[in-house]
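What follows is a single structure, written as structure tokens, with notes after it.
The values are calculated or read from the model by the stated rules, or taken from the named source; none is laboratory data. Fair warning: this is a prediction, and the values are worked out from it, not measured in the lab. Here the Cβ positions follow ideal geometry from the backbone for every residue, glycine too, while neighbour counts run over all protein chains shown.
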Amino acid sequence: MSVDLGTEWMKVAIVSPGVPMEIALNKESKRKTPVAVAFRGDERTFGEDALNVGVRFPSLCYAYFLDLLGKDINNPTVKLFQKKFPYYNIIPDSNRNTVLFKHDNDTVFSPEELVAMLLSKGREFAIESARQPINDVVLTVPGYFNQVERKAMITAAEMSGLKVLQLINDYTASALNYGIFRRKDFNETTQYVMLYDMGAYSTSAAIISYQTVKTKEKGFVETNPQLSVLGVGYDRTLGGLEMQIRLRDYLGKKFNELKLTKKNVFDNPRSVAKLFKEAGRLKLILSANQEYYAQIEGLIDEIDFKLLVMREEFEKLCTDLFERVKQPIEQALKNSQLSMDVINQVILIGAGTRVPAVQDQLANAVKTELSKNLNTDEAAVMGAAYKAADLSSGFKVKKFITKDAVLFPIQVTFERSESDKEAKQITRTLFSHMNPYPQKKILTFNKHQNDFEFEVQYGDLESTFAEHEIAAIGPKKLHKIKLKKVADSIRKHQGNNVESKGIKAHFNLDENGILTMTTVEYHVEKTLTPEELAAQSQNEQSTFSKLSSTISKLFQAAEEELKEKQPDISSQKDSGEAESDIEKKKTSKEEVDSETKINETETFGNKTESGNKNVNASVKVETETKPKIVLMKEPIESEVDHVAVPLLDGDRLQESIKKINALNEYDEKKSRREGALNALESAVIDSMSKIDDNEFSSFAKPDEAKIISSKSKEISEWLEEEGYTAEADVLESKLQELQKILKPIQHRYQEYIDRPEAIKALDHTLNSTSHFLSSMKNFSEQLNSSTDDPKYTLYTSIEIQTLEKMINDTATWKEVTVKQQETLKKFDEPVLNIKHISEKIYLLDREVQYLVNKSKNWRPPPTSGKGKKLKKEKKKDTEDKEELQEEKPDIEENQESADDFVKSTEKEETSQKIPSDEKESKDKDSGHEEF
């Protein structure tokens, strides 16, 4: 599955066997779900249901919290969130100093927990759509998410029980979705496309290049399309939410100006929530209309509010926002070092791009036509679904290479002390701005001889990003890494023939955009002297000899065991041949041993010269040893301290997982109970209505009708008194009790309704089978009169008799059981069941089908024109040819008659199936599929 978790909407897509990428619908059968979680009492709701709760109780519905992931409580983003939604009670985490929503005196929720709840709900949608378990996911994230925010997203996914295959930037996922359907349009010539995405919270512009590249996979060179992110610009606070907030404040201000009440509408959280909801609807409608009336019932003190809002007024409210529309484009072009002249297309994504004023600003900025050939809502989630299928081992997709780019540069700073001087701070860049990733880097420290530490932090942000964007990124420092026991590691590798290559730290920026330090090693190059090289060679040869001896003993033991089981060679007649074979084996073994020794000598760098290569002669080898340089690596102990915003881990993480699991179990238990309650209520109403129906009640015995009526009344009263608080197990047991006593009556009634059609189908089958039997007899008689050879017989007498007996027995059974059934009353158990009739029809059909298939494979005997058999004795070639030419027309005539019979049998087979098919279709229409 893939999840596009935006600030306002969540979209879920799946890839399942036999089904390409598709959107998983929610319980309202909608393709996207609002990002909202509400708690009221013990009830937890999501999506539209949560927003309905939020209108009445705003502080109990949590929304627009995605950008609070991995944020310090003092981050400007948190302050802006509190200003926009003042009714939330936000407190700092005592351990991490991050954001916590205080729900009540005993309950708090972190943004990670709320995201995990939404991902769990998205997983439910995916499982319901795919009808099978789903554990793997690809998540989209905004491209401006930093290291801490990305790790927080992975933590939230793991809390929901999902394994993250990859985090993919939203613009990269959209670009992938655009490319997979146009892969045939790409070639070696680079094509440039700009994706402009204005969502609810933020806006981004990304310049993507498409071209085909050659890659080597498993020894084969392949040509595959590749997309590369060349430039990115973004504005974290420019989006539809800010426009909606301004409309909300405008409506509230206008209401206060009317002086309909002494209260300030902004002091009432419920009124603010109503204004916010109406502002969202107003923004959407004004994108297509010049004016619209905003209407809110009971805004405050039961006072209704109605106001005509013009699009022009809305645009004046957002003038400064519209002026910022072009800034991400300029930033993306600057980062990519390209101009608009080379951009082939500018594609719009995100609901914010539907605002006419935004499109006008974009058209003026790019000076080209705006393309709307991507689904603005589903482009990212579909691209992520393709990536999920590519990464999963269960699917095979056409390769499409993606190369993302680093938004925030990363560097390493450390101090290097020199003799008689102060320590000097050194800075080394690991990943520059817009470097492609995934990528690995190695940083070498040459001057350090003792324990030291260095810091990993963001690089130069000031030259690329605005001041408010830098403040939103958070702490600049990421990790403080301490290297220990450095002197001990260096001391292990000292000498005249040793050259230090420094301490090397290996860093990896993976597909998720997360930086990790994999290993730290001390590297030295050691020059081996001839004596050390010879000793090393001798040791390795000794080791090889021991290994060879062990293996030879193993094979020798196996050989001796075989000899014990084999007979003595001397007792065989041809003993000389066996001895010769043994000598040959010995000779070949000696040759292999000789070659092995030579190869061993060459492996260690010795030059070998051999004279006579006779196997029985001794081999003289002259060697000249040369110095050899070997690279030696010594691991160095390291300690990593996360100095940025702390992650949710340890005991706190386990507590969060337990909290989410408890909520999920409660919701599942509640859903099961509600389903059982609805089923029981429906069953009680249904049973009462059926007993009151004279036709249905006629199939019930007097005591059965009283029992059902009494039981239904009893359960109905129980439901009114205590049933609505009962557990699911009790409700399900009550339902089973009621169904058990109602089932026999339902069975009799259904048998009575379906029986006439079933008997009609049986009569039709008997008639068509009898006609088939008659045709079969006639053809068999004609065939037997024309030939006496049993191998050309189509049907045997036993087959004819078997079918005839089956027809007679079925007709007799039907006649007897129909008479017995007519003597019974409606409430008596039927003797003529639909099941028995179906079995009789099936047996007749099966027997006829066997005979029809036999007639298809049968070939008629060759006969002469006068009905005589061909002569079997050999004749002369000329006579045979003349006789065959004379008899050929008669053979073709006989073949035609046989084909006609086969066709007639096929028609019989079809005619037999017609009533059954008609009955089946009628039964399916009536809801009864058994017959």
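Count, please, the residues in region 8-21 that happen to be assigned to a strand (DSSP E or B) and closer than 14 Å to ASP377 by Cβ.
5
Quick one: in region 91-122, of everything that is among the β-branched types (Val, Ile, Thr) and in contact with a helix residue (DSSP H, G or I) (Cβ under 6 Å, 6 or more places away or on another chain), which residue is nearest to LEU139 (Cα to Cα)? Working first, answer last.
First, pick out the residues of region 91-122 that are among the β-branched types (Val, Ile, Thr): 91, 98-99, 107-108, 115.
Filter once more, keeping what is in contact with a helix residue (DSSP H, G or I) (Cβ under 6 Å, 6 or more places away or on another chain): 99, 115.
Numbers: VAL99: 22, VAL115: 12 Å.
Taking the candidates together, the pick is VAL115.
Which residue, of LEU738, LEU731, is in contact with a Ser or Thr (Cβ under 8 Å, 6 or more places away or on another chain), of a type in the set (A, V, I, L, M), within 13 Å of VAL684 (Cα to Cα) and in contact (Cβ under 8 Å) with a residue 40 or more places away in the chain?
LEU738
Are any residues in region 317-326 assigned to a helix (DSSP H, G or I), surrounded by 13 or more Cβ atoms within 10 Å (Cβ to Cβ) and free of Cβ contacts under 8 Å to residues at least 40 places away in the same chain, and if so, which ones?
PHE322
Mind checking which helices (runs of 4 or more DSSP H) fall wholly inside region 686-795 and carry at least 3 residues that are hydrophobic (A, V, I, L, M, F, W, C) and at pLDDT 85 or above?
702-721, 728-786
One line per residue, one yes/no per condition, for (1) under 30 Å from GLU737 (Cα atoms); (2) under 26 Å from the mean Cα position of the chain (by Cα); (3) not assigned by TED's automatic domain parsing to the domain that holds PHE452:
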{"position": "VAL643", "(1), (2), (3)": "no, no, yes"}
{"position": "GLU655", "(1), (2), (3)": "no, no, yes"}
{"position": "LYS658", "(1), (2), (3)": "no, yes, yes"}
{"position": "ARG673", "(1), (2), (3)": "yes, no, yes"}
{"position": "ALA679", "(1), (2), (3)": "yes, no, yes"}
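LYS526 is checked against (1) outside any loop (DSSP other than H, G, I, E, B); (2) in contact (Cβ under 8 Å) with a residue 40 or more places away in the chain; (3) over 22 Å from MET632 (Cα atoms) and fails just one. What number does that condition carry?
(3)
Test ALA38 against the criterion of being in contact (Cβ under 8 Å) with a residue 24 or more places away in the chain, touching a Leu at 6+ places or on another chain (Cβ under 8 Å) and in the same structural domain as GLY352 (by TED's automatic domain parsing), and give yes or no.
yes
Each row is one residue, and each column tells you yes or no for (1) in contact with a Pro (Cβ under 6 Å, 6 or more places away or on another chain); (2) surrounded by 20 or more Cβ atoms within 10 Å (Cβ to Cβ); (3) polar (S, T, N, Q); (4) not in a helix (DSSP H, G or I).
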{"residue": "GLN82", "(1), (2), (3), (4)": "no, no, yes, no"}
{"residue": "TYR87", "(1), (2), (3), (4)": "yes, no, no, yes"}
{"residue": "SER94", "(1), (2), (3), (4)": "no, no, yes, yes"}
{"residue": "GLU113", "(1), (2), (3), (4)": "no, yes, no, no"}
{"residue": "ALA116", "(1), (2), (3), (4)": "no, yes, no, no"}
{"residue": "LEU119", "(1), (2), (3), (4)": "no, yes, no, no"}
{"residue": "ARG123", "(1), (2), (3), (4)": "no, yes, no, no"}
{"residue": "ALA126", "(1), (2), (3), (4)": "no, yes, no, no"}
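Just to be sure I understand, how many residues within region 729-772 are surrounded by fewer than 17 Cβ atoms within 10 Å (Cβ to Cβ) and of a type in the set (A, V, I, L, M, F, W, C)?
3
Looking at (1) in a loop (DSSP other than H, G, I, E, B); (2) within 18 Å of GLU378 (Cα to Cα); (3) acidic (Asp, Glu), which is the one condition that is false for ASP104?
(2)
Is it fair to say ASP341 is assigned to a helix (DSSP H, G or I), more than 37 Å from the chain's Cα centre (by Cα) and over 25 Å from SER287 (Cβ atoms)? Break it down stepwise before answering.
On the way: assigned to a helix (DSSP H, G or I): yes; more than 37 Å from the chain's Cα centre (by Cα): yes; over 25 Å from SER287 (Cβ atoms): yes.
The answer is yes for ASP341.
Conditions tested, residue by residue: (1) crowded, with 19+ Cβ neighbours inside 10 Å; (2) in a helix (DSSP H, G or I).
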site	(1), (2)
GLU297	no, no
ASP304	no, no
LEU307	no, no
GLU312	no, yes
GLU315	no, yes
PRO328	yes, yes
THR353	yes, yes
VAL358	yes, yes
ALA363	no, yes
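Restricting attention to region 827-842, and to residues there that are among the charged types (D, E, K, R) and loosely packed, with under 14 Cβ neighbours inside 10 Å, which single residue is farthest from SER697 (Cα to Cα)?
Kept after step one, since they are among the charged types (D, E, K, R), are these residues of region 827-842: 828-829, 835, 839-840.
From what's left, loosely packed, with under 14 Cβ neighbours inside 10 Å: 828-829, 835, 839.
Details: ASP828: 13, GLU829: 15, LYS835: 23, GLU839: 29 Å.
Out of the qualifying residues, it is GLU839.
SER209: surrounded by fewer than 22 Cβ atoms within 10 Å (Cβ to Cβ), touching a strand residue (DSSP E or B) at 6+ places or on another chain (Cβ under 8 Å) and either modelled with pLDDT of 95 or more or part of a helix (DSSP H, G or I) (or both), yes or no?
yes
HIS479 versus (1) touching a strand residue (DSSP E or B) at 6+ places or on another chain (Cβ under 9 Å); (2) more than 16 Å from GLU149 (Cβ to Cβ): which is the lone unmet condition?
Failing condition for HIS479: (2).
Across region 248-260, what is the number of residues that are more than 52 Å from the chain's Cα centre (by Cα) and surrounded by 15 or more Cβ atoms within 10 Å (Cβ to Cβ)?
Residues meeting the conditions: 1.
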